[in-house]
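Written out below as structure tokens is the structure these notes cover.
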Amino acid sequence: MATFDKRHDPIRLLWRRLGLLALLVLVLMGISGEWNVFKKERESRALRDQAELQVTNLSAQETQLSADIAKLETDRGKEEALREQYAVGRKGEGLIIIVEPVKPEPIEATSTFRTWVRKFLPFW
């Protein structure tokens with residue numbers, strides 16, 4: 001009977017309940033910590049995917065820029081770049097011929113005395 005009384009002692013029951021409550025609080029804190037770690041891992045995975053995508057885009061840009069630089073080192077590439085920049089010719093056009101505008105013939109004064117005489121007296 002003495003062991004039964006020790007088990008049901010109110011002070012001892014209070015300490016057990018406080019211990020269980022403290023254990024429950026510790027478990028909840030551990031779960032909370034694990035949940036925060038899980039969220040951070042998920043965010044870091046998304047950031048890593050973004051970074052990998054940026055690296056892929058940058059390497060593609062680097063390849064394109066290297067090709068453009070190699071193209072600009074040739075005379076044909078320089079000419080094409082100038083045509084595009086100053087809108088001199090169409091894209092893909094191979095030959096540009098620049099034609100000088102036709103100069104109009106000078107207009108003679110038709111109302112002079114000499115032209116009037118020639119008109120009516122052609123033998124003069």
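Readers should treat all values here as calculations from the given coordinates under stated rules, not as data from a laboratory. This structure is a prediction, so every number in the text was calculated from the model and none was measured. Ideal geometry is used to build each Cβ from the backbone, glycine not excepted, and the neighbour counts take in all protein chains shown.
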- Task: Please pull out the direction-averaged projected area of the stretch 2-87, using the convex hull of its alpha-carbon atoms, in nm² to one decimal place.
- Result: 10.3 nm²
- Report the GluC sites (Glu not before Pro) located in the stretch 11-79 that are in a DSSP loop and have at most 15 other Cβ atoms inside 10 Å of their Cβ, or state none. E73
- Query: Ranking D68, D75 by Cβ neighbours within 10 Å, fewest first, what do you get?
  - Reply: D75, D68
- Message: Quick check: net charge around L72, other residues with Cβ under 11 Å of its Cβ, Lys/Arg +1 and Asp/Glu -1?
- Response: -2
